[in-house]
1. Which one is farthest from Phe43 (Cα to Cα) among residues in the range 102-129 that are acidic (Asp, Glu) and out of contact with any Ser or Thr (no Cβ under 7 Å at 6 or more places or on another chain)?
2. Looking only at residues that are of a type in the set (Val, Ile, Thr) and surrounded by fewer than 19 Cβ atoms within 10 Å (Cβ to Cβ) in the range 58-78, which one is nearest to Leu19 (Cα to Cα)?
3. Scan Tyr132, Tyr136 and give me the residue that is among the aromatic types (Phe, Trp, Tyr), more than 16 Å from Ile45 (Cα to Cα), surrounded by 14 or more Cβ atoms within 10 Å (Cβ to Cβ) and at pLDDT 90 or above.
4. Looking only at the range 18-41, count how many residues are more than 13 Å from the chain's Cα centre (by Cα) and in contact (Cβ under 8 Å) with a residue 60 or more places away in the chain.
5. Just one of the numbered conditions (1) more than 22 Å from Gly92 (Cβ to Cβ); (2) modelled with pLDDT under 90 is not true of His49; which one?
6. Any chance the range 128-143 includes a residue that's under 24 Å from Ala11 (Cα atoms), out of contact with any Asp or Glu (no Cβ under 8 Å at 6 or more places or on another chain) and without any contact (Cβ under 8 Å) to a residue 24 or more places away in the chain?
7. Could you look through the range 104-127, keep only residues that are touching a residue at least 40 places away in the same chain (Cβ under 8 Å) and part of a loop (DSSP other than H, G, I, E, B), and pick out the one that is surrounded by the fewest Cβ atoms within 10 Å (Cβ to Cβ)?
8. Would a scan of the range 49-56 turn up a residue that is part of a strand (DSSP E or B), out of contact with any strand residue (DSSP E or B) (no Cβ under 9 Å at 6 or more places or on another chain) and of a type in the set (Gly, Ala, Ser)?
Amino acid sequence: MNANLATRYGALNKILESLGMTLSDTEQCAGEGGYRIDFEKNFTIELQHLGGSDCRVSARIFSLGKSLQVQENQIKLALALFGELKNDMPDGVSTAISNHDNCLRLCVEIVSENKDIIMSQFQDFVHVAFAYKQTYFQHKGMT
């Protein structure tokens with residue numbers, strides 16, 4: 001990656017470098033400045049450049065159902081689970097419904113320029129998002 005891209009994408013570039021990747025190793029996302037990394041089957045992390053050196057990291061938890069009743073049930077379960085676990089989550093983690101793919105996501109914004117802090121926040125988020133997704137589907141299976 002050339003120096004202009006490294007400066008332009010700040011935290012996003014530092015994450016990719018630490019993973020031994022470049023932008024060409026990722027897939028472009030629907031959002032501008034967004035890149036997708038597949039970690040496991042059905043577990044993908046998206047990185048989106050926000051401006052300056054800031055980066056939003058998100059993980060798709062599930063796609064919303066077609067009916068409003070199904071969506072309501074999904075969101076209620078997801079928010080209840082999030083409420084139970086929020087004290088164990090890294091600072092800044094939130095839920096969001098993305099408009100580009102109609103999915104519930106966990107998100108965090110990384111605003112540091114320090115590579116160690118960036119990678120610590122990124123790794124903590126990936127672990128939490130993966131565990132949250134697994135826990136969501138375990139709870140969903142019990143209802």
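The values are calculated or read from the model by the stated rules, or taken from the named source; none is laboratory data. All figures in this text were calculated on a predicted structure; none of them were measured in a lab. Glycine also receives a Cβ, built like all others from the backbone with ideal geometry; neighbour counts cover every protein chain displayed.
1. My answer is Asp116.
2. Taking the range 58-78 first, the residues of a type in the set (Val, Ile, Thr) are 61, 70, 75.
Checking which are surrounded by fewer than 19 Cβ atoms within 10 Å (Cβ to Cβ) leaves us with 70, 75.
Numbers: Val70: 37, Ile75: 32 Å.
It comes out as Ile75.
3. Tyr136
4. First, the residues of the range 18-41 that are more than 13 Å from the chain's Cα centre (by Cα): 18-28, 30-33, 40-41.
If we keep only those that are in contact (Cβ under 8 Å) with a residue 60 or more places away in the chain too, we end up with 18, 30-31, 40.
Qualifying residue count, the range 18-41: 4.
5. All conditions are met except number (1).
6. Yes, because at least one residue in the range 128-143 is under 24 Å from Ala11 (Cα atoms), out of contact with any Asp or Glu (no Cβ under 8 Å at 6 or more places or on another chain) and without any contact (Cβ under 8 Å) to a residue 24 or more places away in the chain.
7. Out of the qualifying residues, it is Glu113.
8. Yes, because at least one residue in the range 49-56 is part of a strand (DSSP E or B), out of contact with any strand residue (DSSP E or B) (no Cβ under 9 Å at 6 or more places or on another chain) and of a type in the set (Gly, Ala, Ser).
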